[in-house]
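One structure is given here, and the rest of the page talks about it.
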Amino acid sequence: MSDNFANGPDLPSDLMDEVLKLLASSNAPSLASLIEQRREELGLSTKAASEILSMTRTSYERLVTGALQKLDVLTALKLAHFLDVSIEQVMKLVAASVMPAEDYKTVERVKEASFIVRNFDVARLRKLGFIESLDYGHIRDRIKHYFGLNSLYEYGTEMAAVLYHKANTRVEDKMKAFWIMSAVQQFQRVQNPNPFDLRQVEKLVTQIRRYTRQERGGMLTVMRALYAAGVTVIMQKALPSTAVQGGTFIINKKPCIVITDHFKSYPRLWFTLLHELGHVLFHLDKLAVIKYHLTEGVEDLFLLEEQANQFADELLLPRLKYDYIKNYINVESFVNTYAAQNNVHPSIIYYRYAMELSEKQDKTGWQFYGRFMPKSDVCTTGLSRAPWLTMDTSLATEGDEVRSILAPISQSTQQPVA
C-alpha cells in the first residue's frame with residue numbers, strides 16, 4: 001500500500017465527516033485506484049488479484065473501473081484485508097466513490113440541522129430575536145457570525161472545552177450553554193491587558209459600599225477599577241428561560257464576572273457583584289479547576305454559596321449595623337439617615353430585610369418595601385448588554401464595545417482609591 005494512504009493521518013471516527021472531505025478533495029484517491037495501486041505494489045496480475053479476493057475476473061474489472069455501484073459487506077471485508085486498511089476506511093471510500101455530489105450536499109444539510117437542534121433551542125432563539133426564521137441555512141450563518149466561527153461544528157468543540165458533557169441536554173441547558181459560550185467569547189475578545197492583582201481587589205471590595213449611593217455612575221466606576229486590577233466585569237440582560245443571576249469565569253488565568261438583571265433590582269445587582277467577588281477572593285483555586293461558576297439560586301457542589309452570601313452582606317452593611325437598623329425599618333427617614341451615615345444606598349437595607357423575611361417563607365417584605373428598591377436600569381443604561389438581540393452583532397464587535405466601556409478614558413475618571 002502506498003505511503004500517502006497507509007501512513008497518512010488517522011481518519012476521524014465520524015464516517016460522514018471523512019466521506020465529505022474525500023468528496024470535496026479533487027486529489028482524494030478512489031477505491032478503484034487504490035485497489036489497482038495495491039495490485040501493482042504486490043506485483044500481481046489482474047487474474048491473481050481477483051483470485052485472492054475470491055472474485056470473478058469480470059467482477060474485479062467492474063470494481064476497478066468504477067462500474068460496480070454496490071458493495072456487499074463480504075466484499076468490503078475482503079478489500080479491507082487486501083488493502084491492509086480498516087473496514088471503516090473502505091466504506092468511506094465506497095461511499096465517496098458512488099454517491100453523487102448533490103446527495104452529499106443534502107446529507108450535509110441534514111447533518112447541520114441535526115447539530116443545530118441538538119445544541120440550540122431554536123424556538124426560543126427565534127422568540128428572542130436571535131434568528132429571523134427557522135431556515136437552517138440562516139441559523140447556521142447567524143451562529144457562525146455571532147460566535148466568529150469558521151465552521152458550525154467549532155461551537156461543539158469550544159463548548160466541550162468549557163462545559164461538561166451531557167448525553168441528554170435539556171432545553172434550559174441549551175439556553176444556558178448559549179449564554180455561557182456568549183460570555184466566554186466576550187471575555188476572550190476583551191482580553192483585559194491588566195495583570196490580576198489579588199491584593200488590589202481585596203482593597204477595592206472594602207470601598208464598594210459607598211458607590212452604591214451613586215445610582216448613575218457608581219457601578220461603572222467600580223467596574224473600571226476592577227478592570228484595572230485585572231478583573232473584567234460585564235453586565236448583561238437576563239436571558240429568558242435561564243435563572244442565571246451572575247457567573248464567575250477564569251479566562252486566560254484571570255477572573256471574569258458576568259452580572260445579569262434577572263431580578264431587575266438595583267440592590268440585587270450590588271449584592272450579586274460582591275457575591276461573585278467573594279468567589280474570586282475565597283474560591284479562586286476551585287474556579288481554576290472547574291473553569292466557571294454560575295449563581296442560580298441553588299447550592300453549588302464545589303463552591304460555598306453561603307460564604308459568598310455572607311461576604312456580600314457584611315461588606316454592604318456589617319451584621320451588627322443591620323441588626324440595629326432593622327428595628328426601625330418602618331421609619332423611612334431614619335433608614336435614609338442611617339444609610340447615609342454608613343455610606344450605603346438605603347435600598348440595600350430594605351432588600352436585605354425583605355430577603356430575611358423571604359427566608360422565613362414570608363413574602364410580605366417585597367410587597368411592603370419594594371417601593372424603596374429602584375429598578376436595575378437606573379445604573380445599567382449603556383452598561384447592560386444583550387448582543388443576541390441585534391441581528392448584525394457579533395461577539396467580536398461586542399467584546400470591543402465592552403473593552404471601550406471598561407478601559408478608563410482618562411486619568412480623571414473617578415475610581416475607588418485603594
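Restricted to the stretch 276-297, and to residues that are surrounded by fewer than 24 Cβ atoms within 10 Å (Cβ to Cβ), of a type outside the set (A, V, I, L, M) and at pLDDT below 90, which residue is nearest to ALA308 (Cα to Cα)?
Taking the candidates together, the pick is HIS283.
Pairs, please: C-beta under 9 Å, at least 6 apart or cross-chain, first residue more than 30 Å from ARG199 (Cα to Cα) and in the stretch 228-247, second acidic (Asp, Glu)?
Short answer, once both residue conditions are applied: LYS237/ASP261; ALA238/ASP261; SER241/ASP121; SER241/GLU172; THR242/GLU172; THR242/GLU296; ALA243/GLU172; ALA243/GLU296.
Restricting the search to the stretch 348-395, which residues are open to solvent by less than 40 Å² (accessible area, probe 1.4 Å), within 33 Å of the chain's Cα centre (by Cα) and small (Gly, Ala, Ser)?
SER358, SER376, SER384, ALA386, SER394
Could you list all residues from the stretch 350-360 that are farther than 19 Å from VAL205 by Cβ and not acidic (Asp, Glu)?
Correct list: TYR350, TYR353, ALA354, MET355, LEU357, SER358, LYS360.
Right, HIS262: in contact with a strand residue (DSSP E or B) (Cβ under 9 Å, 6 or more places away or on another chain) and open to solvent by 50 Å² or more (accessible area, probe 1.4 Å) or not?
Judged against the criteria, HIS262 is a match.
Conditions tested, residue by residue: (1) assigned to a helix (DSSP H, G or I); (2) among the charged types (D, E, K, R); (3) at pLDDT 95 or above; (4) open to solvent by less than 40 Å² (accessible area, probe 1.4 Å).
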position: LEU204; (1), (2), (3), (4): yes, no, yes, yes
position: ARG209; (1), (2), (3), (4): yes, yes, yes, no
position: MET223; (1), (2), (3), (4): yes, no, yes, yes
position: MET235; (1), (2), (3), (4): no, no, no, yes
position: LEU239; (1), (2), (3), (4): no, no, no, yes
position: GLY247; (1), (2), (3), (4): no, no, no, yes
position: PRO267; (1), (2), (3), (4): yes, no, yes, yes
position: LEU274; (1), (2), (3), (4): yes, no, yes, yes
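Residue by residue, here is whether (1) modelled with pLDDT under 80; (2) under 30 Å from GLU112 (Cα atoms) holds:
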position	(1), (2)
ALA28	yes, yes
SER33	no, no
GLU36	no, no
SER45	no, no
ALA48	no, no
THR65	no, no
ALA76	no, yes
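Within the stretch 307-323, count every residue that is under 16 Å from GLN341 (Cβ atoms) and either touching a residue at least 12 places away in the same chain (Cβ under 8 Å) or not in a helix (DSSP H, G or I) (or both).
Matching residues across the stretch 307-323 total 5.
VAL402 fails exactly one of the following numbered conditions: (1) modelled with pLDDT of 90 or more; (2) within 27 Å of LEU239 (Cβ to Cβ); (3) surrounded by fewer than 17 Cβ atoms within 10 Å (Cβ to Cβ); (4) not small (Gly, Ala, Ser). What is the number of that condition?
(3)
I need the full set of residues from the stretch 251-292 which are of a type in the set (A, V, I, L, M), within 17 Å of the chain's Cα centre (by Cα) and farther than 19 Å from LEU220 by Cβ, in order please.
If the condition is that a residue be of a type in the set (A, V, I, L, M), within 17 Å of the chain's Cα centre (by Cα) and farther than 19 Å from LEU220 by Cβ, then ILE251, LEU287, ALA288, VAL289, ILE290 are the ones that fit.
Restricting the search to the stretch 324-346, which residues are open to solvent by less than 70 Å² (accessible area, probe 1.4 Å) and part of a loop (DSSP other than H, G, I, E, B)?
The answer is ILE329, VAL331, ASN342, VAL344, HIS345.
Being within 29 Å of the chain's Cα centre (by Cα) and not in a helix (DSSP H, G or I), is that true of even one residue in the stretch 108-126?
Among the residues of the stretch 108-126, at least one is within 29 Å of the chain's Cα centre (by Cα) and not in a helix (DSSP H, G or I), which makes the answer yes.
From the set of residues in the stretch 175-202 that are outside any helix (DSSP H, G or I) and in contact (Cβ under 8 Å) with a residue 24 or more places away in the chain, which is least open to solvent (accessible area, probe 1.4 Å)?
Among them, the one singled out is ASN192.
For residues that are surrounded by 11 or more Cβ atoms within 10 Å (Cβ to Cβ), β-branched (Val, Ile, Thr) and not in a loop (DSSP other than H, G, I, E, B), tally how many sit in the stretch 40-70.
Of the residues in the stretch 40-70, 3 are surrounded by 11 or more Cβ atoms within 10 Å (Cβ to Cβ), β-branched (Val, Ile, Thr) and not in a loop (DSSP other than H, G, I, E, B).
Conditions tested, residue by residue: (1) among the charged types (D, E, K, R); (2) in contact with an Asp or Glu (Cβ under 8 Å, 6 or more places away or on another chain).
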| site | (1), (2) |
| --- | --- |
| TYR211 | no, no |
| GLN214 | no, no |
| GLY217 | no, no |
| ARG224 | yes, no |
| THR242 | no, yes |
| GLY246 | no, yes |
| ILE250 | no, no |
| ILE257 | no, yes |
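The values are calculated or read from the model by the stated rules, or taken from the named source; none is laboratory data. The structure displayed is predicted, hence computed values, not measured ones. Here the Cβ is made from the backbone with ideal geometry for all residues, glycine too, and neighbour counts use every protein chain on show. These area figures cover heavy atoms from the full protein model, side chains too; ligands, DNA and RNA do not enter into them. Shrake-Rupley method; radii C 1.70, N 1.55, O 1.52, S 1.80 Å.
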